[in-house]
2 protein chains.
Amino acid sequence: MYNSHKIGALIILISITITHMQSSKKEGYFNPGVTVDVAIFTIEDNTLKILLIKRANEPFKGTPALPGGFIHKGESSLETAERILADKAGVKNVYIEQLYTFDESERDPRGQIISIAYFALVPREKLGIHEGSRTENPEFVSVENLDKLAFDHKKIIAYALKRLGDKILYTNIAYSLLPQSFTFSQLQKTYEIILGAPIDKRNFRKKFIQLDMIEETNEKLTGKRQRPAKLYRFKKKMPEKLKRFF
Amino acid sequence: MYNSHKIGALIILISITITHMQSSKKEGYFNPGVTVDVAIFTIEDNTLKILLIKRANEPFKGTPALPGGFIHKGESSLETAERILADKAGVKNVYIEQLYTFDESERDPRGQIISIAYFALVPREKLGIHEGSRTENPEFVSVENLDKLAFDHKKIIAYALKRLGDKILYTNIAYSLLPQSFTFSQLQKTYEIILGAPIDKRNFRKKFIQLDMIEETNEKLTGKRQRPAKLYRFKKKMPEKLKRFF
DNA sequence: GGTATATAGTGTACTTAGAACACTAAGTAG
DNA sequence: CTACTTAGTGTTCTAAGTACACTATATACC
């Protein structure tokens, strides 16, 4: 009777340890908790937006945060990120890459929990009209007005923005933000939004034609109060490096 | 008596779980093991070399591998990497940055163990004449002749080499491979080794002077059977981005 | 001491890419 | 049918990259 109480106490101890994501092993070794957070970007209304949820639980309950979660057993971090993309943004087969692993010790009040951060790009058209309305209420927010965020997520977003700004200059990832076909103006706007600076129209077109990344379709965008614009598409919708850019 | 056996059994179970680096939690959540591996490069005998150890334990006992280890409690992954650098290469305060987190499920036969990989650059002069001679026998090996390596370490090294080749083109990290003062020829050789291609001497000098990264010292390198070479030093020995390069 | 040898050090012409810049074209709105 | 809005197009100038060959100054060796 006394002994079985002891067992009960032990089990409680174990569950506490696990809740804290820290199972102490012999001599200093232990496993930190491992989460995945995803910075999901899209362009809407001529601004770069990122998907944020309101945290349903402590810590930071109610505070906006990147969608994320713990790695499941048998899952790679990429698979975790894709699961989060499907669950929170309702999309799959979008551009995604690992960003950085954040693990400064004070980043999570629950203890030593690392975050393998990913960043993803989604064309606006792939997203439903308005995302889920659970308590988490995921929504796309302009990266210009980010208030207080949970954990170190502001830092993660800053890092993601830097990566995005760099990569758009030497890869073709712009394809992953644009619809299947698009006008030259839309394409240029995408670059201007991400780079945060206007670009000369003629130089931009010259450069892009030289890069040979896109081709004309036979269609034009009509119905606007202006000369119809030719529609283009990317020749390849796979990530690749370019020689250089601007 | 019977009950205390039960406790014993429980404790064994726990230790097995921990040894496998997997503590199963409620519903799919669990903590993978977290290790840090470090790709430590230096230049010696006009080749790029990387530090490898022979694994002292299973799995892959006896096979060459990157120096690495589990994160200790309270340690960030960067601190782990720095500890490994000190223990295995005997250096500190060298260039180090996080590379990538490798976590494909089959990478470690012990189960789900992720590796936060770092890469470090060490000038040859900072390393002792010959490194430790424990069973691990750390030694610098030319990146040209890498045999079978433990885990996915070949992949990690390939990734590190790509990063190094990229970064030497748009940052000043070359400073972290060179001694305090050096000749223009040594500097150029460093670039040629990392890029794997010869560079025109006049263009290289022109470019480097234009970049304004280095300055003359008052010294010359004499004692060689040739015209003495001026010695230069880097103006700043801190990582910074350049506009562009070659 | 003189000669061979090895690496240090320097300048110019050509080619390519980037930057600056303004007008005409073709639709819809009213 | 006129006003308005965005689409579409070339040229000049400047900066950077590339290709290329000879002279300078030390030590090694005879």
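The values are calculated or read from the model by the stated rules, or taken from the named source; none is laboratory data. The structure presented is a predicted model; accordingly, all values stated were derived computationally and were not measured. Note: ideal-geometry Cβ built from the backbone for every residue, glycine included; neighbour counts use all protein chains shown.
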What number of residues within segment B:120-143 are modelled with pLDDT of 95 or more, of a type in the set (A, V, I, L, M, F, W, C) and farther than 21 Å from B:Phe60 by Cβ?
3
Counting only residues that are in a loop (DSSP other than H, G, I, E, B), surrounded by 10 or more Cβ atoms within 10 Å (Cβ to Cβ) and within 12 Å of DNA strand C (Cβ to nearest atom), segment A:218-243 contains a total of 2
Right, B:Thr80: surrounded by 19 or more Cβ atoms within 10 Å (Cβ to Cβ) and either in contact with a Gly (Cβ under 6 Å, 6 or more places away or on another chain) or outside any strand (DSSP E or B) (or both) or not?
yes
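Select the helices (runs of 4 or more DSSP H) contained entirely in segment A:123-217, then report the ones holding at least 3 residues which are within 16 Å of DNA strand D (Cβ to nearest atom).
A:184-195, A:201-211
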Enumeration of residues in segment B:72-84 that are β-branched (Val, Ile, Thr) and either in contact with a helix residue (DSSP H, G or I) (Cβ under 7 Å, 6 or more places away or on another chain) or more than 10 Å from every other protein chain (Cβ to nearest Cβ) (or both):
B:Ile84
Being surrounded by fewer than 22 Cβ atoms within 10 Å (Cβ to Cβ) and of a type in the set (Phe, Trp, Tyr), is that true of even one residue in segment A:131-141?
no
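Which of the residues that make up segment A:197-221 are free of Cβ contacts under 8 Å to residues at least 12 places away in the same chain and touching a strand residue (DSSP E or B) at 6+ places or on another chain (Cβ under 9 Å)? Please lay out each step first, then the result.
Quick first cut of segment A:197-221, residues free of Cβ contacts under 8 Å to residues at least 12 places away in the same chain only: A:197-198, A:200, A:202-203, A:206, A:209-210, A:218, A:220.
Across segment A:197-221, the qualifying residues are A:Asn218, A:Lys220.
Please go through segment A:36-91 and pick out each residue that is hydroxyl-bearing (Ser, Thr, Tyr) and closer than 18 Å to A:Val141 by Cβ. Let's see the steps before the verdict.
At the first step, the residues of segment A:36-91 found to be hydroxyl-bearing (Ser, Thr, Tyr) are A:42, A:47, A:63, A:76-77, A:80.
Residues satisfying the conditions are A:Thr42, A:Thr47, A:Thr63.
Evaluate segment B:10-22: report whether one residue or more is farther than 30 Å from B:Ala120 by Cα, at pLDDT 50 or above and within 14 Å of another protein chain (Cβ to nearest Cβ). Write out each step before concluding.
Step one: filter segment B:10-22 for residues farther than 30 Å from B:Ala120 by Cα, giving B:10-18.
This time we only want the ones that are at pLDDT 50 or above, so: none.
Scanning segment B:10-22, I find no residue that is farther than 30 Å from B:Ala120 by Cα, at pLDDT 50 or above and within 14 Å of another protein chain (Cβ to nearest Cβ), so the answer is no.
Sort through A:Leu195, A:Leu169, A:Leu177, A:Leu187 and tell me the only one that's at pLDDT 95 or above and within 16 Å of DNA strand C (Cβ to nearest atom). Don't jump to the end; show me each part of the working.
On the way: A:Leu169 fails: at pLDDT 95 or above; A:Leu177 fails: within 16 Å of DNA strand C (Cβ to nearest atom); A:Leu187 fails: within 16 Å of DNA strand C (Cβ to nearest atom).
On inspection, the qualifying residue turns out to be A:Leu195.
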Can you pull out the residues in segment B:136-154 that are under 13 Å from the mean Cα position of the chain (by Cα) and more than 19 Å from B:Asp87 (Cβ to Cβ)?
B:Val143, B:Lys154
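Answer yes or no as to whether A:Asp87 is within 14 Å of chain B (Cβ to nearest Cβ) and over 30 Å from A:Gly196 (Cβ atoms).
yes
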Filtered residue count, segment B:92-112, keeping only those that are modelled with pLDDT of 95 or more and either more than 12 Å from every other protein chain (Cβ to nearest Cβ) or under 13 Å from A:Ser77 (Cβ atoms) (or both)
8
Residue under evaluation B:Gly69, criteria (1) within 16 Å of the chain's Cα centre (by Cα); (2) surrounded by fewer than 22 Cβ atoms within 10 Å (Cβ to Cβ); (3) more than 11 Å from every other protein chain (Cβ to nearest Cβ); (4) touching a residue at least 24 places away in the same chain (Cβ under 8 Å), criterion not met
(3)
Being of a type in the set (Phe, Trp, Tyr) and within 24 Å of the chain's Cα centre (by Cα) is the filter; apply it to segment B:198-246 and report the residue that is modelled with the lowest pLDDT.
B:Phe245
